[in-house]
Amino acid sequence: MTLIDAMSAAGGIVLIGAILHDAFEVMLLPRRIKSRMRIVRYFFEGTWSLWSAIGCRLGSQDRRHHFLGLYGPLSLVVLLIVWASGLILGFGTIFWSFNPTQFSSHHWLNQVYFSGVTFFTLGYGDVVPHRAWSKVLCVFEAGTGLGFIAMVIGYLPVLYQLFSRREAHVITLDALAGSPPTACTILCRFGEGRSLDNLDTFLLHWQQWCAELLESQLSYPMLAYYRSQHDNQSWLAALTAIMDTCVLVMVGFNGVRTLQARLTFATARLATIEMGRVLGVGPRPLREDRLSAEQFTKLKDDLDQAEVSFVDEEEAEERLTSFRATYEPFLNGLAVHLDLLLPPWSSEDGQLDNWVTSPRGRSAKRLIESVEAQPEADPATEETTR
């Protein structure tokens, strides 16, 4: 074996090892990977930069949203092709480098072709190995191919199940938080429905969603690139609205407990920070303030109309600014990287929910608003009635 052959064999072994290690981390290892030297990291950074740059040149907002929405599933298909191609190329190079004449055809491309046939266990028989070590390597490659295909078959259903579960929660938020979701809308609708006592249950539900988001997108970071059905909805917008709601509650409302808001905010902020680390995205200052002094005044007035008032109105804005500095730059870093929009703190006047824009949606909305929320019955009164 010449030096070139030895170097080729070593390169093939390194390529196979790197791909198998990368596939194991992405498909099977359920934790955040700290190493930056990863094939999948370079793949997503390079392809997303190109794809998003092309998307930014599209004039129509609908076409741009549709084009960017194709990246998630398409990138996954291309990634699997890159992995499989790399394994076939690596095994083919090893076959050729050890002894180019040991096969019935000694051309390098024929060895790569034989590697592909072996990897997918086709076995045409037009190119066959002659020596014992090459037969053993053929068996090893065939086993690797079967294992790789089995991992892919088991991987895709899990990935899309997690995506479906994430998006189901995003869709349900539309009726309560508006489109796009805003913290002011959430609190106003709870207040108008006389259901502020149920706010803790709502925040607990979304704390669990944040925990699932953290676990799923750390294990499968490509889920971050999967976009929602509507361009005014996204997992990042939902996460932002929930964190904004928690912050408003922690600033202090009359008669509203803060414990669950603190717990939900802690989980949501952890998910935000960890997602930034996985995607290699740091905090970025906002170009425009999401809550200016005028917008805060409007928010306070809307909350007052829904009978949701701050405990200390004079310090509320200052405390809110301090809270926002701990998470908004991290959310904005993700938004800039993923080309998503952060929702405002309160909805614009006349903004309709997505479900209202459907046929006869306005009529349904008027009927729903005509139903007055009934206060919960006093247990003592019920006992007396009995």
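The values are calculated or read from the model by the stated rules, or taken from the named source; none is laboratory data. Since this is a predicted model, take the numbers as computed values, not measurements. In this analysis, Cβ positions are derived from the backbone assuming ideal geometry, glycine residues included, and neighbour counts consider all displayed protein chains.
A few remarks follow.
- For the condition assigned by TED's automatic domain parsing to the domain that holds Thr240 and in contact with a Lys or Arg (Cβ under 9 Å, 6 or more places away or on another chain), Asp302 does not qualify.
- Filtered residues of segment 184-196 (kept if farther than 20 Å from Gln295 by Cα, within 31 Å of the chain's Cα centre (by Cα) and not hydroxyl-bearing (Ser, Thr, Tyr)): Phe190, Leu196
- Only one entry of Cys184, Cys188, Cys138 meets the criterion of being in contact with a Leu (Cβ under 6 Å, 6 or more places away or on another chain) and either over 17 Å from Leu236 (Cβ atoms) or of a type in the set (Asp, Glu) (or both), and that entry is Cys184.
Listed here are the residues, each with its yes/no results for (1) surrounded by 13 or more Cβ atoms within 10 Å (Cβ to Cβ); (2) within 27 Å of Tyr42 (Cβ to Cβ); (3) not charged (D, E, K, R).
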| residue | (1), (2), (3) |
| --- | --- |
| Arg63 | no, no, no |
| Ser85 | yes, yes, yes |
| Ile94 | yes, yes, yes |
| Ser97 | yes, yes, yes |
| Leu122 | no, no, yes |
| Ser134 | yes, no, yes |
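- Taking segment 49-75 as the range and being at pLDDT 85 or above, charged (D, E, K, R) and part of a helix (DSSP H, G or I) as the test, the residues that pass are Arg63, Arg64.
- Among the residues of segment 211-227, not a single one is of a type outside the set (Lys, Arg), buried (at least 19 other Cβ atoms within 10 Å of the Cβ), in a helix (DSSP H, G or I) and touching a Cys at 6+ places or on another chain (Cβ under 7 Å).
- Residue tally, condition among the aliphatic types (A, V, I, L, M), within 30 Å of Trp48 (Cα to Cα) and loosely packed, with under 14 Cβ neighbours inside 10 Å, over segment 279-331: 1
- Test: residue in segment 180-193 that is in a loop (DSSP other than H, G, I, E, B) and surrounded by fewer than 19 Cβ atoms within 10 Å (Cβ to Cβ): yes
- Residue check for Ala237: more than 9 Å from the chain's Cα centre (by Cα) and of a type in the set (Gly, Ala, Ser): yes
- Scanning segment 45-74 for residues that are in contact (Cβ under 8 Å) with a residue 12 or more places away in the chain and more than 14 Å from Met222 (Cα to Cα) yields Trp51, Ser52, Ile54, Gly55, Cys56, Gln61, Asp62, His65, Phe67.
- For segment 225-276, filtering for residues that are without any contact (Cβ under 8 Å) to a residue 60 or more places away in the chain, in contact with a Leu (Cβ under 9 Å, 6 or more places away or on another chain) and within 23 Å of Gly72 (Cα to Cα) leaves 1.
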